[in-house]
Amino acid sequence: MSSAEMLHVGRPISRVDGRLKVTGQAKYAAEYPAADLLHGCVVSSTIAAGRIIRLHTDRARAMPGVVEIFTHENSGKAARQDEDWRDDIAPPGHPLRPLHSDRIQFDGQPIALVIAESVEAARDAAALVRAECAIEPHCTQLEAKRSQAYVPPEKRSGIPPPSDPRGEPEQAFAQAPIKFSREYRVHAEHHNPMEMFASTCVFEPGGKLTIYDKTQGSQNVQSYVASVFGLKPANVRVINHYVGGAFGSGLRPQPQLFLAVMASLALKRSVRVALTRTQMFYLGYRPDTFHTVSLASDHQGTLLSIMHDAVAETSQYEDYQEALVNWSGLMYRCDNVKLSYQLAKLNKATPCDMRAPGAANGVTVLECAMDELAHELDIDPLELRKLNFASMDGNTGKQFTSKALDACYREGAAAFGWSGRRREPRAMRDGHELIGWGVSTGTWEAFLQTASARARLTDDCKLEVSTAASDIGPGTWTILTQIGADALGLPLEAVSARIGDSTLPASPVEGGSWTAASNGSAVQAACEAVKHTLFKRAQRMANSPLADASFEHIEVKSGGIGRKDDPRRSLSIAEVMHAADLTEIVEDGQASADPEQAKRYVSYTNSAVFAEVRVDEELGIVRVARIVCATAAGRILNPKTARSQILGGVVMGIGMALHEEAMIDHRLGKIMNHNFAEYHVPAHADVDDIEVIFVDEHDDKVSPLGVKGLGEIGIVGTAAAVANAIFHATGKRVRDFPITIDKLLAA
Amino acid sequence: MNRFEYVRPDTVAHAVKALADRDARALAGGTNLVDLMKYEVTRPSRVVDINHLPLRQIEPAPDGGLTIGALVTNSELAWDPRITKRYPLLASAILAGASPQLRNAATTGGNLLQRTRCYYFYDPSTACNKREPGSGCSAIGGVNRIHAILGASDGCIAVHPSDMCVALAALEAVVNVEGKDGKRSIPFSAFHRLPGSEPQHDNTMLQGELITSITLPASDFGSNHTYLKVRDRLSYAFALVSVAAALKLEGGEIRTARVALGGVAHKPWRDPDAEQALSNSPGAP
Ligand SMILES: Cc1cc2nc3c(=O)[nH]c(=O)nc-3n(C[C@H](O)[C@H](O)[C@H](O)COP(=O)(O)OP(=O)(O)OC[C@H]3O[C@@H](n4cnc5c(N)ncnc54)[C@H](O)[C@@H]3O)c2cc1C
Ligand code: SF4
């Protein structure tokens, strides 16, 4: 599609599902009714390691309304092989099997499921279940296991391991005139989307299941349930029409899904299991990570060596992996690079992809180190970044499909007023507040996944586009509608999207910021196929005005199909369909990455983030007064939903910089601040002015639509920009995230 | 949550009677009690919903102060013109706490009686002397960066979390309660207590007593005051430390100073040394 043909794509269209959401009509997993529904409440372990000797369930069983209590001694039938439990996203290891054995490997592990006729009865009874356990030693402290860290023997599919060293990083470091090694830490952050994990499993006579699940991938859940319970995939339908935020937490099937289905199959009734906010804290989280970053440069600031070694936590049972250090090998031009990434096993649940997994934390520490280098060199931190601009990916030696990062630097700096910055720290003040300005680069990979879609055009010029994608918040419903409308020249009102259903054309999970590019391109392809069929039918009509036209000359718009160069030579869609005795045309389309192109090119979204903080020096209170985030992400399908993505990412980045931290009592192996009163995410007062800029970036290789994706990039770099601004304000460098008042006062 | 009996008396006398039961609890705004019940920290046998009691007035007190009914919400109190004019310190302390939604529900009596935010207190799988006397204190040696700096004991290092109470301590309010043995008035400084060996008792109320109102004495701390709160985010977080300070000035000199600290002890902490140092001193540095 050329821009001229795009009436809806590229415009700030409001969410097509917005009204349903704000009026409460959009239903979420725990809201679907079912006849004779049973309710499950999960009982969680209160120790971090050990064995269950006995579960005392008598008092709970005696509660009126209690139907069954499942434990490891009576849990329903499920697959025995690890393989059958592995979902699309699973890291290597032994996936968690709830209620599988008496073994406890982390605090909060599900150890029983109480099923009752009402939520209240289930909850009250669950409180009466008592576990008698043999406690074993545990460890939840990453520093304690750091010396035992190991390189994961088996790699997680889809996650590139750190690239091999290049050049002579150690030697270059030793010989460089300017150099340092710094230790950083980014504490674990916990997934807390608004919608908590929930599954409503509707049991139909004959054993068919319809499962309403809080997930980022209906088909991932479908195949997981089918293989864990040995069911025919055709007998398992999974629906996730609306998802109340997920950020990666819903990529993998979570325990409540298994439990709901297990109970449903065992009791032959519909069952709902929803987790509590507290239980959410036991599950998905961004891993706690330690980093050593060593940078060396010449006197002018040209990088001579980059070394980045990281240790991340994982569970006892899986080797969760993410691209944590790889960024340090590709963001800047440097001939001597060494990266390493190790894991340490703790008594916690397996970490989970969380918005820009690996980049949000890995890029943060590199970008703080770059700021430290600029300070050592006494040069402007933005200039240092420009000076080391990478015009190709040093890790792979491949070209970028596009990289308008220089425009991000330029436009972001101009909007922020960066040129007015005084270089030395503590130079800017307003009353009792010190003012600091910081900058960071952000980057995230732009993916194109294999995805399919279907387009159905009816003779009344209504178009339905469908794909088993999910909309976890970014606006997938809306952009698919826009793409469909433009592809067949229809008004938005004539187009409806269908997503969030495993019976629809195959789609990957929604994650990695790939949905707009992948599913969007598939929808585009399906619409193109419809157009083609329509054209062929039109040509076959008697005295067709399009008989001698070729497909390239054809456009479909305003309910008709005709020649671009001669609008008089056209037919109405209804006319064409009726002549062919059709009431609808249905075609499928696909999108997938081009393997040939992948040999030569890589794609990344890039950004420049500028932050101003104000620090009350006496009290240590930090305010993020403003942020400018300039992003290059290829074509922007919808500036309104796109901006929202960046805003959300930036706010999460502020949380990473200043607030989010699980407080663990390592003696007990327990997270103590497992609720929203005590686990802090930014509140409104913490978020001031955020300016979002999208710079022009034309990319004809990244995806058929030229789209790169925006779900993650907003968080990447934000925490570093804030931390660097705090240094600029105060002259104090805190290398331990989040930067809380006590750390800042002690620095 | 356990099963409980629910009653909704219309008179103070009936409420006092209903509260006589050892495991009965009054329900006001419910912003703390309901959480405590959901977490299985409090398992009342009877919930006495006091919202129908006639305790919603703010009235002049005989000595020129104000009497505030126990059910006046935190929002109503903070925005009442008599408060914003004569007791602005109290208004700013209230507005520094919680969120607008919570303040709309939270009541004057409930605010005084809210329990500590010690993480362990809310997690029944851990030892906590306040929740279960004699079980031990997990916070000592544990996660305790929000805990007491002053007046803690070997048995408990929890703090009282209220902002409003810090201002009430500085303003020397009086708490009026009614129980089966009648009414009494407790000076604010004697209302909350230090944990000592009985951290299960947050205050000096007797079992079954009901707060009916608080009285603010006539005050001339209307002009020179501040409530400063330091917390882990800029709103909607409990105080790491807070200070309520009020000065009475005469001819540019400080005549009387009141200083109370929040978030540092088991009770709002009046600091007599600071008050003394400031009193009768030149105002400006
Ligand atoms: C997320 C969150 C954040 C918060 N942040 C802050 C903050 O920053 N600063 C702050 O000061 N507060 C904060 N609060 C606490 C809030 O102020 C209190 O929960 C509230 O004031 C309690 O009032 P209530 O009427 O809801 O009490 P309830 O929950 O109804 O009752 C609390 C207790 O008092 C008893 N009770 C209530 N009224 C009476 C009475 N008249 N006589 C006898 N007993 C009575 C109840 O039995 C119960 O034990 C926060 C609360 C939450 C949930
Ligand atoms: S500090 Fe007090 S409330 Fe906290 S665990 Fe110790 S005894 Fe319980």
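The residues of the range B:1-51 that are free of Cβ contacts under 8 Å to residues at least 60 places away in the same chain, near ligand 1 (Cβ under 10 Å from one of its atoms) and aliphatic (A, V, I, L, M), listed by number, are B:Leu27, B:Val34, B:Met37, B:Val47, B:Val48. Taking the range A:329-433 and the helices (runs of 4 or more DSSP H) fully enclosed by it, the elements with 1 or more residues that are touching a Gly at 6+ places or on another chain (Cβ under 8 Å) and crowded, with 19+ Cβ neighbours inside 10 Å are at A:359-377, A:381-387.
Just one of the listed residues (A:Tyr317, A:Tyr242) is within 19 Å of the chain's Cα centre (by Cα) and modelled with pLDDT of 95 or more, and it is A:Tyr242. Here the condition is being more than 16 Å from ligand 2 (Cβ to nearest atom), open to solvent by less than 10 Å² (accessible area, probe 1.4 Å) and more than 12 Å from chain A (Cβ to nearest Cβ); of B:Leu216, B:Leu206, it holds for B:Leu216 alone. Only residues that are among the aliphatic types (A, V, I, L, M) and farther than 21 Å from B:Ser162 by Cβ were counted in the range B:116-142, giving 2.
Pairs linking a residue in the range B:227-240 that is within 7 Å of chain A (Cβ to nearest Cβ) and farther than 18 Å from B:Leu261 by Cβ to a residue that is surrounded by 21 or more Cβ atoms within 10 Å (Cβ to Cβ) and charged (D, E, K, R), with Cβ atoms under 6 Å and 6 or more positions apart or on different chains, are B:Arg233/A:Asp686; B:Leu234/A:Asp686.
Residue under question is A:Glu660, and the condition is that it be surrounded by 18 or more Cβ atoms within 10 Å (Cβ to Cβ), within 11 Å of chain B (Cβ to nearest Cβ) and either in a loop (DSSP other than H, G, I, E, B) or at positive phi (or both); does it hold? So A:Glu660 passes the test. With respect to the conditions (1) out of contact with any Lys or Arg (no Cβ under 6 Å at 6 or more places or on another chain); (2) more than 14 Å from chain B (Cβ to nearest Cβ); (3) open to solvent by 20 Å² or more (accessible area, probe 1.4 Å), A:Val692 lacks only one, and its number is (1).
Here A:Ile715 passes the criteria (1) surrounded by 19 or more Cβ atoms within 10 Å (Cβ to Cβ); (2) assigned to a loop (DSSP other than H, G, I, E, B); (3) within 14 Å of another protein chain (Cβ to nearest Cβ); (4) not basic (Lys, Arg) except the one numbered (3).
Only helices (runs of 4 or more DSSP H) whose full extent lies in the range B:81-199 are considered here, and the ones with at least 3 residues that are away from ligand 1 (no atom under 13 Å from the Cβ) and surrounded by fewer than 16 Cβ atoms within 10 Å (Cβ to Cβ) are B:81-86. When the range A:188-217 is filtered for residues that are crowded, with 20+ Cβ neighbours inside 10 Å, outside any strand (DSSP E or B) and not polar (S, T, N, Q), the ones remaining, listed by number, are A:Ala188, A:His191, A:Glu195, A:Met196, A:Phe197, A:Lys214, A:Gly217. If I ask for residues that are within 30 Å of A:Ser45 (Cβ to Cβ), within 14 Å of chain A (Cβ to nearest Cβ) and hydrophobic (A, V, I, L, M, F, W, C), which ones from the range B:103-156 would you list? B:Cys118, B:Phe121, B:Ala127, B:Cys128, B:Cys137, B:Ala139, B:Ile140, B:Val143, B:Ile146 - these are the residues of the range B:103-156 that are within 30 Å of A:Ser45 (Cβ to Cβ), within 14 Å of chain A (Cβ to nearest Cβ) and hydrophobic (A, V, I, L, M, F, W, C). Test A:Glu73 against the stated conditions and say whether it is of a type in the set (Asp, Glu), open to solvent by 70 Å² or more (accessible area, probe 1.4 Å), touching a Leu at 6+ places or on another chain (Cβ under 9 Å) and at negative phi. Yes: the conditions hold for A:Glu73. Scanning the range A:218-227 for residues that are open to solvent by less than 30 Å² (accessible area, probe 1.4 Å) and within 25 Å of A:Gly244 (Cβ to Cβ) turns up A:Ser218, A:Asn220, A:Val221, A:Tyr224, A:Val225. Mind checking whether some residue in the range B:50-73 is more than 10 Å from ligand 2 (Cβ to nearest atom), modelled with pLDDT of 95 or more, more than 27 Å from B:Glu172 (Cβ to Cβ) and more than 19 Å from the chain's Cα centre (by Cα)? Checked against the condition, which is being more than 10 Å from ligand 2 (Cβ to nearest atom), modelled with pLDDT of 95 or more, more than 27 Å from B:Glu172 (Cβ to Cβ) and more than 19 Å from the chain's Cα centre (by Cα), the range B:50-73 yields at least one hit. The set of residues in the range A:240-294 that are hydrophobic (A, V, I, L, M, F, W, C) and open to solvent by 10 Å² or more (accessible area, probe 1.4 Å) comprises A:Phe247, A:Leu251, A:Leu265, A:Ala266, A:Leu267, A:Ala274, A:Leu275, A:Leu283, A:Phe290.
Determine whether B:Arg131 is closer than 14 Å to B:Phe238 by Cβ, touching a residue at least 12 places away in the same chain (Cβ under 8 Å) and within 13 Å of ligand 2 (Cβ to nearest atom). So B:Arg131 does not fit the description; no. One residue stands out among those in the range B:242-260 that are buried (at least 17 other Cβ atoms within 10 Å of the Cβ) and either within 14 Å of chain A (Cβ to nearest Cβ) or farther than 21 Å from B:Ala173 by Cα (or both): the one that is nearest to ligand 1 (Cβ to nearest atom), which is B:Ser242.
Only one entry in A:Val650, A:Val613, A:Val609 is of a type in the set (Val, Ile, Thr), within 14 Å of another protein chain (Cβ to nearest Cβ), open to solvent by less than 10 Å² (accessible area, probe 1.4 Å) and touching a residue at least 24 places away in the same chain (Cβ under 8 Å), namely A:Val613.
The values are calculated or read from the model by the stated rules, or taken from the named source; none is laboratory data. This structure is a prediction, so every number in the text was calculated from the model and none was measured. Here Cβ is always computed from backbone atoms with ideal geometry, including for glycine, and neighbour counts include all displayed protein chains. These area figures cover heavy atoms from the full protein model, side chains too; ligands, DNA and RNA do not enter into them. Shrake-Rupley method; radii C 1.70, N 1.55, O 1.52, S 1.80 Å.
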